[in-house]
1. Please specify each residue of the range 162-184 satisfying the condition of being without any contact (Cβ under 8 Å) to a residue 40 or more places away in the chain and either acidic (D, E) or part of a strand (DSSP E or B) (or both).
2. Anything in the range 15-25 that is assigned to a loop (DSSP other than H, G, I, E, B) and within 16 Å of I59 (Cα to Cα)? List them, or say none.
3. Need a quick list: helices (runs of 4 or more DSSP H) entirely within the range 227-330 having at least 2 residues that are touching a strand residue (DSSP E or B) at 6+ places or on another chain (Cβ under 7 Å).
4. Based on what the data block shows, is A123 open to solvent by 20 Å² or more (accessible area, probe 1.4 Å) and free of Cβ contacts under 8 Å to residues at least 60 places away in the same chain?
5. Confirm whether I68 is under 16 Å from the mean Cα position of the chain (by Cα) and within 15 Å of the ligand (Cβ to nearest atom).
6. Just checking, which of G130, G118, G148 is in contact with a His (Cβ under 9 Å, 6 or more places away or on another chain) and touching a residue at least 40 places away in the same chain (Cβ under 8 Å)?
7. Suppose we filter D111, D84 for residues that are more than 16 Å from the ligand (Cβ to nearest atom), at pLDDT 95 or above, surrounded by fewer than 19 Cβ atoms within 10 Å (Cβ to Cβ) and over 23 Å from the mean Cα position of the chain (by Cα); which single one remains?
Amino acid sequence: MKKKHIHILATGGTIAGQAASETATTGYQAGAIGVEELLAAVPELRDVAEVSGETIAAIDSKDMTSEIWLRLAVRTQELLQRDDVDGVVITHGTDTLEETAYFLHLTVHSDKPVVLTGAMRPATALSADGPMNLLQAVLVAADPEACGCGVLVVLNGRIDGAREVTKMHTTALDTFQSPETGALGTVQDGQPVFYHIPLRAHTVDSEFAVTRQTKLPKVAILYGHADDDGFLVRAACEAGAKGIVYAGMGNGSIPWPVVQELTKAVGQGVLVVRSTRGAAGRVVYAEEVYEDFAFIPSDTLNPQKARVLLQLALLETHKHEEIRAMFARY
Ligand code: SIN
């Protein structure tokens, strides 16, 4: 059978990281190793697929920008429209991998697999996890069962969906989890196995389209805490935020002084989403007052994913009811 053609887009991160010694797992330079070297380190890739690669960026993913997101979305779309490309794998730093994955989940319009992977140990480390993660990502991208699942994240033998997956641990290899819904599948001994498929709208069913010229609106994430008097809401509005995601307590609860500041923000046309600083769970209806002030609950989207959806939603509309419906659909 003809091998699938999987194209790799490299963006940097620890998977391409270089440290001073084999035992160093912190204090290394992320994104130091080129895509050709990454591919050459895993000759087994050639048994699985025909593999090609290119560099989109070489950054530590804490420095991810919307400009790179747009470049990635446009390039991924171009590649997937080609008959000779069957899937795309994106190597990425783990720190913001989940946001990039969700952005592409909503902006790339194709059934073909898109898989993000990374590593927790630099490429120069003893027992580096990058090579196995890259191999498993290519295996998943070449698997017909991955078609139509939206953007996937593959690390440490687990297949997660872009909407639910999050980085849970600062250094552990099994840091990526989908706390509320669980993984979609696993990869073992060279074989991906799927158990679930994502039902929320994505990729071909998504209404969001971007180009390299798209200007994503400024959306702030504010983290709730004791004694919060809403000063960050005022600062965000003064800085020109068009949306605010408030990472509230528990089920998206917001201290009363902050509610008052957010209400003023809504009055100025700023869209407000209630998310949570909790590690898992839905944010749903809590108090009538939040409804009165048109705060939109984020469902299971964590603050960083809610920010991505709100940015894309604001490209389409500023109507609160329409954006609320998008948070129920995506
Ligand atoms: C990064 O996100 O670029 C650095 C950390 C990592 O990849 O694990």
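The values are calculated or read from the model by the stated rules, or taken from the named source; none is laboratory data. Since the model is a prediction, treat every value here as computed from it, not as a measurement. FYI the Cβ positions are ideal-geometry reconstructions off the backbone, even for glycines, and counts take in every protein chain you see. Surface areas here come from the heavy atoms of the whole protein model, side chains and all, with no ligands, DNA or RNA. Shrake-Rupley method; radii C 1.70, N 1.55, O 1.52, S 1.80 Å.
1. D174, Q177, listed by residue number.
2. G17, A19
3. Working: elements: 231-238, 256-267, 288-292, 303-316, 320-329.
Ranges flagged: 231-238, 256-267, 303-316, 320-329.
4. Spelling it out, it is not the case that A123 is open to solvent by 20 Å² or more (accessible area, probe 1.4 Å) and free of Cβ contacts under 8 Å to residues at least 60 places away in the same chain.
5. yes
6. Among G130, G118, G148, only G118 is in contact with a His (Cβ under 9 Å, 6 or more places away or on another chain) and touching a residue at least 40 places away in the same chain (Cβ under 8 Å).
7. One residue alone meets the criteria, D84.
Quick grid of which residues meet (1) open to solvent by less than 70 Å² (accessible area, probe 1.4 Å); (2) among the charged types (D, E, K, R); (3) within 11 Å of the ligand (Cβ to nearest atom); (4) out of contact with any Ser or Thr (no Cβ under 7 Å at 6 or more places or on another chain):
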site: T11; (1), (2), (3), (4): yes, no, yes, no
site: T14; (1), (2), (3), (4): yes, no, yes, no
site: G27; (1), (2), (3), (4): no, no, no, yes
site: V35; (1), (2), (3), (4): yes, no, no, no
site: E44; (1), (2), (3), (4): no, yes, no, yes
site: V51; (1), (2), (3), (4): yes, no, no, yes
site: I59; (1), (2), (3), (4): yes, no, yes, no
site: A101; (1), (2), (3), (4): yes, no, no, yes
